[in-house]
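Worksheet: one structure, shown below.
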Amino acid sequence: MPEKKKIRWWSVSAILILPFVLIFIPLYRSVRYEVNWRAAFSMVAVFEVVMFLAEHYSLSRGHWIYNDSRIWGVKIWGVPIEEPLIYYLFPPLFVVTLLHALRKGLQTKAGIR
C-alpha cells in the first residue's frame with residue numbers, strides 16, 4: 001500500500017480579508033481627514049487586549065482550538081499571530097471608516113455640508 005503524502009495546508013486568512021481591504025481603500029480615502037485616528041487606534045488597542053485575553057482563556061480551557069496546519073505558525077501566548085493582526089485590528093478600523101463614510105454621504109445627500 002502506498003504511503004500517504006502529508007499535505008501542508010496554508011492559511012487562507014489573507015485571502016479572506018482581501019475583499020475588505022479592497023473596500024477599505026476608497027472608504028479611507030474619502031474620510032481620512034474626518035476620522036479621529038487617535039481615538040480609533042485607542043479603541044483598537046482596548047479591543048485587542050480584551051479579545052486577546054478572551055482568546056487565550058478560551059484556548060487554555062479547550063473551548064477553542066487551532067489546527068496548526070491551517071495557521072501561519074507564529075503564536076503569542078498560544079494565540080496565532082493572525083488573530084490580533086487581521087481579526088482584531090482591521091475590522092474595528094473598517095467599521096469606523098464605514099460609519100464615517102455613511103455619515104458623510106448622508107450629510108451630503110441632505111445638503112448639511
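The values are calculated or read from the model by the stated rules, or taken from the named source; none is laboratory data. Here the structure is a predicted model, which means the values were calculated and not measured. Neighbour counts are summed over all protein chains in view; Cβ atoms, including those assigned to glycine, are modelled from backbone coordinates with ideal geometry.
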Checklist entry - Is it the case that region 101-113 has a residue that's in contact (Cβ under 8 Å) with a residue 60 or more places away in the chain, surrounded by 17 or more Cβ atoms within 10 Å (Cβ to Cβ) and within 16 Å of residue 33 (Cβ to Cβ)? => result yes
Next on the checklist: On the basis of being of a type in the set (Gly, Ala, Ser) and without any contact (Cβ under 8 Å) to a residue 12 or more places away in the chain, does residue 54 make the cut?
Outcome noted: yes
Item to check | Matching residues in region 44-95 - criterion: being part of a strand (DSSP E or B) and closer than 28 Å to residue 23 by Cα | outcome: 79, 80
Checklist entry - What number of residues in region 24-40 are of a type in the set (A, V, I, L, M, F, W, C), surrounded by 14 or more Cβ atoms within 10 Å (Cβ to Cβ) and either touching a Phe, Trp or Tyr at 6+ places or on another chain (Cβ under 9 Å) or within 15 Å of residue 89 (Cβ to Cβ) (or both)? => result 4
Checklist entry - Can you pull out the residues in region 68-99 that are surrounded by 17 or more Cβ atoms within 10 Å (Cβ to Cβ), at pLDDT 80 or above, more than 19 Å from residue 45 (Cβ to Cβ) and over 14 Å from the mean Cα position of the chain (by Cα)? => result none
